[in-house]
Amino acid sequence: MTTLDYSDIGKVIPRVLREDETTPTVFTEPQPPIKLDRRQFLKLTGLVGGGLMLSFAPLRKVRAQDGTVFSPNVFVKIDAEGILLYAPNPEIGQGVKTSLPMMLAEELDVAWEDVRVVQAPIDRAYGGQFAGGSMSTPTSWEPLRTAGATARHMLVEAAAQKWQVSADTLSTQNSMVKHASSNREISYRELAADAAKIAVPSRESIKFKDPKQYRLLGKRITGVDNDAIVRGKPLFGIDQMLPGLKYAVYQKCPAIGGTVKSANLDEVKKMPGVLQAGVLEGTGNAMEVLPGVFIIADSTWAAFQAKRALKVEWDENNASKDSWSETVTQASKLVEQAGNRTVDTGDVDAAFAANERQAEGYYKYFFVSHAPLEPQNCTAMFKDGELELWAPTQTPTWGMGPAARAAGIDQSKVKLNQLRCGGGFGRRLYNDFMCEAAAIAKNYPGVPVKLQWTREDDISYDLFRGGGFHKLRGCVDEQGKVVGWHNRHATITGDQGIGSGQFPMGMVDNLRVEHTGIDWKHRCAAWRAPGSNVFGFVLMSFLHELAHAGGRDHRDVLLELLGEERLMNRGGMHTGRAAACVKLATEKAGWTNKKEGRGLGVAFYYSHAGHIAEVAEVSVGDVEGTVTNRQGKSVQKRSLKVHKVTVAADVGPIINLSGAENQVQGSVVDGLSTMVDLAITFENGRVQETNFDKYRMLRMGETPEVEVHFINTGEHSPTGLGEPAFPPLAPAVGNAIFDACGYRVRTLPISEEGFYLV
């Protein structure tokens, strides 16, 4: 079994994946102990915040011997040349290379134009260097502000000593320390040498700015890499060029688990540009190196041409035989049977017996691929028993161990250079591409080798979001209040079942959830907003069904369920914050003033500590005949236009307004693209949709207007935004379709039910 359990994600990243979790739980592989002297220990322990320890022990040689460089911690460096801030976490398009240094800069009180931002090296001194689970912002909020405030404190103290005045009489602004009474000011760069001699203060003595004093946070700031991106500079893994670089491809069995029996290697080695070809047996771990054939050439073109000419006979005795069509048939029977009860509160049977107003629905969702714009790649060089990697990965520190195993060396012999990722959505949490590159490079030592997957590789050997099936029943009382809820769901083994943390747990008195796993061999793993990305569609759509059964407005039923203001799920979702989002989104969308010929649908979901409500405005065309779907069934064909999506989000204080809006808009577009026409199917263990001709992404002309509103009460710390805005989109659109034409969509993608975008 190669399907991943979501608990395995904890071995990859600190996580907030379950809606019932309130405090990030950090899991890491064992690391050798860090030896600290007393001063380093005080710096380390004095800067711990929020229950999560991130190291502030200084990197070796970070401070110049002559004392002219001010580097109080690994995130800040100031000298006569300028102000350097280190962005610790991987940049995958979520904007943290800009927003995390903004936290530093705000508390440091520098002018943004004075700052140069660079990607931090991979080092345990930076703490958890990862990008996943929408965790980069919340786990960095306290430590990075502390780092900036500490540096500011020391600069002020240096100026106070220089001018022989009390530090309390000084202020800072725009990279300057000022003394108002004498009208003196001095730049941080001029103070660097003196500040380097100041003792690092204790955490208790550090004071943060009042948010009312913020000059940078909450503003629109251009991404620090934007200029380099538009100029095509080599920021991404796919762009890397090194002296003597060679190029590699790797062919694995189309059915996971297959091994190489034979291959026409002699023929391939004679092709123009081919330098070497061979067989890798694999590491025995499907998440590292699967068995296959590698080819190394002097150009990408030569490598790709050789791969096309490669003929491999596969041994598929132990390979996947996964079949989506068989799974669909199996699941339809499983949901009719009692499963493992994960939630059972009140008296569900009595509720259904006492209330005749009921609804029932059978929901299903297909597998989907991560499909990042940049296919997987990694450059590796194996030389003198050591391995150096240039990788676009979401989990650099976690990937070094598996890469070392693939190369047959100790992890201490691995150096990793973090590169900007061309998209991730969870795919680059898992570093099989790094492991493959390491194993291939060992077979061609002394020179850098870039492994490049094709688009077909990227989809065929993805770690997919698993498919699932839900049979739901619900009932309402005479007043239309939801009083009974029963969900039987069957999902691919290893997928997260609905537990005690998901909506509407704690809101419906009589509630039962039953789960059955379906065996599956192909690899499945975390996909943007794991669990929530499908549960949001199912649960929020069915709530709309119950509102209709009760003859009530869906918004009113949703607000009634949220009820009085309180913390749910052991301190996770706050119903008051949720209700505020629902009210704001429906108000801004014109809920009570609907346009003629259009439908409105609302959905709320709490995901990754973010409270998000969305309202979709759609119009639906008349039936245009029939079309055959992926299951071979004939369905009525209708056009769909999503005109506008209005979003209300409470994710605490906004760091970079441009980046925050970008994340919400991107989630809406990605959510719409996914719900409309994206599906992966399998037969005989093989992926059937291996490129964008069959896996059709949303086109620019089909994207809706997206209006974003943020709520910030000032009472909460920030959460991430890469995932929370994704789950509400599909149910909001589905509910709007019903409002527009009376048709209930219960399948993702909705093209399976005949809807296509215009």
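Taking only pairs six or more apart or across chains, which ones have beta-carbon atoms under 9 Å, a first residue in the range 690-703 that is among the charged types (D, E, K, R), and a second residue that is surrounded by fewer than 18 Cβ atoms within 10 Å (Cβ to Cβ) and part of a loop (DSSP other than H, G, I, E, B)?
Between residues of the range 690-703 that are among the charged types (D, E, K, R) and residues that are surrounded by fewer than 18 Cβ atoms within 10 Å (Cβ to Cβ) and part of a loop (DSSP other than H, G, I, E, B), the close pairs are Lys694/Gln688; Glu702/Val758.
Pick from Ile238, Ile256: which is over 30 Å from Gly446 (Cα atoms), in contact (Cβ under 8 Å) with a residue 12 or more places away in the chain and surrounded by 19 or more Cβ atoms within 10 Å (Cβ to Cβ)?
Details: Ile238 fails: over 30 Å from Gly446 (Cα atoms).
From the options Ile238, Ile256, the qualifying one is Ile256.
Suppose we filter the range 699-755 for residues that are farther than 19 Å from Glu617 by Cα and acidic (Asp, Glu); how many remain?
Within the range 699-755, residues that are farther than 19 Å from Glu617 by Cα and acidic (Asp, Glu) number 4.
Can you go through Ala149, Ala160, Ala180, Ala195 and tell me which one is surrounded by 18 or more Cβ atoms within 10 Å (Cβ to Cβ) and without any contact (Cβ under 8 Å) to a residue 12 or more places away in the chain? Please lay out each step first, then the result.
Values: Ala149 fails: without any contact (Cβ under 8 Å) to a residue 12 or more places away in the chain; Ala180 fails: surrounded by 18 or more Cβ atoms within 10 Å (Cβ to Cβ); Ala195 fails: without any contact (Cβ under 8 Å) to a residue 12 or more places away in the chain.
Only one candidate passes the filter, namely Ala160.
Restricting to the range 533-569, name every residue that is among the polar types (S, T, N, Q) and at pLDDT 95 or above.
Selection gives Asn533, Ser541.
From the set of residues in the range 91-124 that are open to solvent by less than 10 Å² (accessible area, probe 1.4 Å) and in contact with a Leu (Cβ under 7 Å, 6 or more places away or on another chain), which is farthest from Val414 (Cα to Cα)?
That would be Glu106.
How about the range 76-99: which of its residues are assigned to a strand (DSSP E or B) and either under 16 Å from Gly223 (Cβ atoms) or of a type in the set (D, E, K, R) (or both)? Spell out how you get there, then give the answer.
Narrowing the range 76-99 to residues assigned to a strand (DSSP E or B): 76-79, 82-87.
If the condition is that a residue be assigned to a strand (DSSP E or B) and either under 16 Å from Gly223 (Cβ atoms) or of a type in the set (D, E, K, R) (or both), then Lys77, Asp79, Leu85, Ala87 are the ones that fit.
Filter the range 641-656 for residues that are closer than 21 Å to Val615 by Cα and among the aliphatic types (A, V, I, L, M); which is surrounded by the most Cβ atoms within 10 Å (Cβ to Cβ)?
Kept after step one, since they are closer than 21 Å to Val615 by Cα, are these residues of the range 641-656: 641-652.
Applying the additional criterion that residues be among the aliphatic types (A, V, I, L, M) yields 642, 645, 647-649, 651.
Values: Val642: 26, Val645: 32, Val647: 27, Ala648: 26, Ala649: 29, Val651: 29.
The residue in question is Val645.
Kindly indicate whether any position in the range 108-116 is farther than 30 Å from Pro530 by Cα and free of Cβ contacts under 8 Å to residues at least 12 places away in the same chain.
Taking the range 108-116 first, the residues farther than 30 Å from Pro530 by Cα are 108-116.
Checking which are free of Cβ contacts under 8 Å to residues at least 12 places away in the same chain leaves us with 113.
Within the range 108-116 (the criterion being farther than 30 Å from Pro530 by Cα and free of Cβ contacts under 8 Å to residues at least 12 places away in the same chain), the answer is yes, since at least one residue qualifies.
Ala248 passes all but one of (1) open to solvent by less than 30 Å² (accessible area, probe 1.4 Å); (2) farther than 18 Å from Glu436 by Cβ; which number fails?
It is condition (2) that Ala248 fails.
Does Asp410 satisfy being under 24 Å from Ala286 (Cβ atoms), surrounded by fewer than 16 Cβ atoms within 10 Å (Cβ to Cβ) and touching a strand residue (DSSP E or B) at 6+ places or on another chain (Cβ under 6 Å)?
On the way: under 24 Å from Ala286 (Cβ atoms): yes; surrounded by fewer than 16 Cβ atoms within 10 Å (Cβ to Cβ): yes; touching a strand residue (DSSP E or B) at 6+ places or on another chain (Cβ under 6 Å): no.
It is false that Asp410 is under 24 Å from Ala286 (Cβ atoms), surrounded by fewer than 16 Cβ atoms within 10 Å (Cβ to Cβ) and touching a strand residue (DSSP E or B) at 6+ places or on another chain (Cβ under 6 Å).
Need the failing condition index for Ala125 against (1) outside any helix (DSSP H, G or I); (2) touching a Ser or Thr at 6+ places or on another chain (Cβ under 7 Å), just the number.
Of the numbered conditions (1) outside any helix (DSSP H, G or I); (2) touching a Ser or Thr at 6+ places or on another chain (Cβ under 7 Å), the odd one out for Ala125 is (1).
Of the residues that sit in the range 163-200 and are outside any strand (DSSP E or B), hydroxyl-bearing (Ser, Thr, Tyr) and under 39 Å from the mean Cα position of the chain (by Cα), which one is nearest to Ala105 (Cα to Cα)? Steps first, please.
Filtering the range 163-200 for residues outside any strand (DSSP E or B) gives 163-169, 174-175, 180-183, 188-200.
Then keep just the ones that are hydroxyl-bearing (Ser, Thr, Tyr); that gives 166, 169, 175, 181-182, 188.
With the extra rule that they be under 39 Å from the mean Cα position of the chain (by Cα), the set shrinks to 175, 188.
On the way: Ser175: 9, Tyr188: 12 Å.
Per the stated criteria, the residue is Ser175.
If Ala159 satisfies every condition in (1) closer than 18 Å to Asp79 by Cβ; (2) in a strand (DSSP E or B); (3) of a type outside the set (S, T, N, Q) but one, which is the exception?
Checking Ala159 against (1) closer than 18 Å to Asp79 by Cβ; (2) in a strand (DSSP E or B); (3) of a type outside the set (S, T, N, Q), the one that fails is (2).
Residues Thr713, Thr674: which one is part of a loop (DSSP other than H, G, I, E, B) and among the hydroxyl-bearing types (Ser, Thr, Tyr)? Please lay out each step first, then the result.
On the way: Thr674 fails: part of a loop (DSSP other than H, G, I, E, B).
After applying the criteria, what remains is Thr713.
Please state which of the following conditions Ala131 fails to meet, knowing it meets all the rest: (1) more than 19 Å from Ser717 (Cα to Cα); (2) assigned to a loop (DSSP other than H, G, I, E, B); (3) touching a helix residue (DSSP H, G or I) at 6+ places or on another chain (Cβ under 8 Å); (4) not polar (S, T, N, Q).
All conditions are met except number (1).
Does Val476 fit the bill of being farther than 25 Å from Met675 by Cα, open to solvent by less than 20 Å² (accessible area, probe 1.4 Å) and not polar (S, T, N, Q)? So that I can check it myself, show each step before the final result.
Details: farther than 25 Å from Met675 by Cα: yes; open to solvent by less than 20 Å² (accessible area, probe 1.4 Å): yes; not polar (S, T, N, Q): yes.
Yes.
Do we have Thr626 as closer than 30 Å to Glu683 by Cβ and in contact (Cβ under 8 Å) with a residue 12 or more places away in the chain here? Reasoning before the result, please.
Working: closer than 30 Å to Glu683 by Cβ: yes; in contact (Cβ under 8 Å) with a residue 12 or more places away in the chain: yes.
Judged against the criteria, Thr626 is a match.
With open to solvent by less than 50 Å² (accessible area, probe 1.4 Å), assigned to a loop (DSSP other than H, G, I, E, B) and within 25 Å of Gly597 (Cβ to Cβ) as the only criterion, which of Val745, Val706, Val733 stands out? Lay out the reasoning, then the answer.
On the way: Val706 fails: assigned to a loop (DSSP other than H, G, I, E, B); Val733 fails: assigned to a loop (DSSP other than H, G, I, E, B).
From the options Val745, Val706, Val733, the qualifying one is Val745.
Every residue, every condition in (1) assigned to a helix (DSSP H, G or I); (2) open to solvent by 50 Å² or more (accessible area, probe 1.4 Å), yes or no:
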position: Gln330; (1), (2): yes, yes
position: Val343; (1), (2): no, no
position: Ala353; (1), (2): yes, yes
position: Tyr362; (1), (2): no, yes
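Applying the selection to the range 303-328, what residues are assigned to a helix (DSSP H, G or I), touching a residue at least 24 places away in the same chain (Cβ under 8 Å) and under 29 Å from Met241 (Cα atoms)? Please lay out each step first, then the result.
Restricting attention to the range 303-328, the residues satisfying the condition of being assigned to a helix (DSSP H, G or I) are 303-309, 324-328.
The next check asks that each one be touching a residue at least 24 places away in the same chain (Cβ under 8 Å); those that pass are 303-307, 309, 324-325, 327-328.
Hits for the range 303-328 are Ala303, Phe304, Gln305, Ala306, Lys307, Ala309.
Grab the strands (runs of 3 or more DSSP E) fully contained in the range 525-640, keeping just those with 3 or more residues being open to solvent by 40 Å² or more (accessible area, probe 1.4 Å).
Working: elements: 599-607, 610-620, 626-628, 634-636.
So the answer is 626-628.
So Gly484 fits all but one of (1) buried (at least 23 other Cβ atoms within 10 Å of the Cβ); (2) assigned to a loop (DSSP other than H, G, I, E, B); what number is the exception?
(2)
A quick yes/no check of all residues on (1) within 34 Å of the chain's Cα centre (by Cα); (2) within 16 Å of Ile440 (Cα to Cα); (3) of a type in the set (A, V, I, L, M, F, W, C); (4) part of a strand (DSSP E or B):
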site: Asp266; (1), (2), (3), (4): no, no, no, no
site: Pro272; (1), (2), (3), (4): no, no, no, no
site: Phe294; (1), (2), (3), (4): yes, yes, yes, yes
site: Trp301; (1), (2), (3), (4): yes, no, yes, no
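The values are calculated or read from the model by the stated rules, or taken from the named source; none is laboratory data. Please read these numbers as outputs of a predicted model, since none were measured by experiment. In this analysis, Cβ positions are derived from the backbone assuming ideal geometry, glycine residues included, and neighbour counts consider all displayed protein chains. Remember, those area values only see protein heavy atoms, side chains included, never the ligands or the DNA or RNA. Shrake-Rupley method; radii C 1.70, N 1.55, O 1.52, S 1.80 Å.
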